[in-house]
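First comes the structure, then the notes that go with it.
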Amino acid sequence: MKLHNLVAAFAILALSPAAWGNESYKFDPSGSTIGFTVHQFLGTTHGKFTSFSGKIDVDREHPENSSVTAQIDVRSIDTHIKKRDEHLRSPEFFNVEKFPQMTFRSRSVKRTGPQSGDILGDLTMHGVTRPITLRVKLLTPVNDTSHARWAVTTEAIARRDFNLMFAQAAEAVSGISQTVAINIEIEAKRAQ
């Protein structure tokens, strides 16, 4: 469902001229959100993952050499309904015993504006790896190099692409959309 990645595409730091040299940043989960929304019948379900980590390595002189990695603990899914979350963790859907993590690994970074960029990478979820482009926008001042905050958007993810389908009979009556929208904000702190 989300994740999303997800996660994480934040080498936008590499796209700003605030500092020189190589830098490393680590995700701060207390100030970050990796969330998703999915439509079901006439309503919308909002959820998030509460346990994740990530690292951003920045090469300001050569932003294309910057990189982002993120890991999401799928067990931490939270849709505010315990029974639904347990079902999503089960072998019928995420199968967290077999696939406990989602990962994102960047392949390229491209500046698209003074405080924005695209990060192309690979999202692995439920044993399937697919390319994904994360569009990132820096929300903190460019000259603050102690921490940074980004808004991250991407195209909706199709559950089918990651084999995240319920049994055929359940899919037919569930009314759950095939597409899952991702909403991510990442705060990261400079690694010491």
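The values are calculated or read from the model by the stated rules, or taken from the named source; none is laboratory data. On a predicted model such as this, the values are computed, not experimentally measured, just so you know. Cβ atoms come from the backbone with ideal geometry, glycine included; neighbour counts cover every protein chain shown. Surface areas here come from the heavy atoms of the whole protein model, side chains and all, with no ligands, DNA or RNA. Shrake-Rupley method; radii C 1.70, N 1.55, O 1.52, S 1.80 Å.
Among the residues of region 136-153, is any closer than 26 Å to Phe94 by Cα and either at pLDDT 95 or above or exposed (fewer than 14 other Cβ atoms within 10 Å of the Cβ) (or both)?
Within region 136-153, not a single residue is closer than 26 Å to Phe94 by Cα and either at pLDDT 95 or above or exposed (fewer than 14 other Cβ atoms within 10 Å of the Cβ) (or both).
I'm trying to understand the selection: among the residues of region 49-59, which are farther than 13 Å from Ser30 by Cα and out of contact with any Phe, Trp or Tyr (no Cβ under 6 Å at 6 or more places or on another chain)?
Lys55, Asp57, Val58, Asp59
Taking region 89-107 as the search range and keeping residues that are touching a Gly at 6+ places or on another chain (Cβ under 8 Å) and open to solvent by 100 Å² or more (accessible area, probe 1.4 Å), which one is farthest from Asp122 (Cα to Cα)?
Among them, the one singled out is Lys98.
Which of the following residues is of a type outside the set (S, T, N, Q), farther than 28 Å from Ser30 by Cα and open to solvent by 30 Å² or more (accessible area, probe 1.4 Å): Ala181, Ala156, Ala191, Ala169?
Values: Ala181 fails: farther than 28 Å from Ser30 by Cα; Ala156 fails: farther than 28 Å from Ser30 by Cα; Ala191 fails: farther than 28 Å from Ser30 by Cα.
So the residue among Ala181, Ala156, Ala191, Ala169 that is of a type outside the set (S, T, N, Q), farther than 28 Å from Ser30 by Cα and open to solvent by 30 Å² or more (accessible area, probe 1.4 Å) is Ala169.
May I ask you to verify whether Asp118 is assigned to a strand (DSSP E or B) and touching a Phe, Trp or Tyr at 6+ places or on another chain (Cβ under 8 Å)?
No; evaluated as a whole, the condition is false for this residue.
The conditions are (1) open to solvent by less than 40 Å² (accessible area, probe 1.4 Å); (2) in a strand (DSSP E or B); (3) farther than 19 Å from Glu171 by Cβ, and His46 fails exactly one of them. Which is it?
So His46 meets the others, but not (1).
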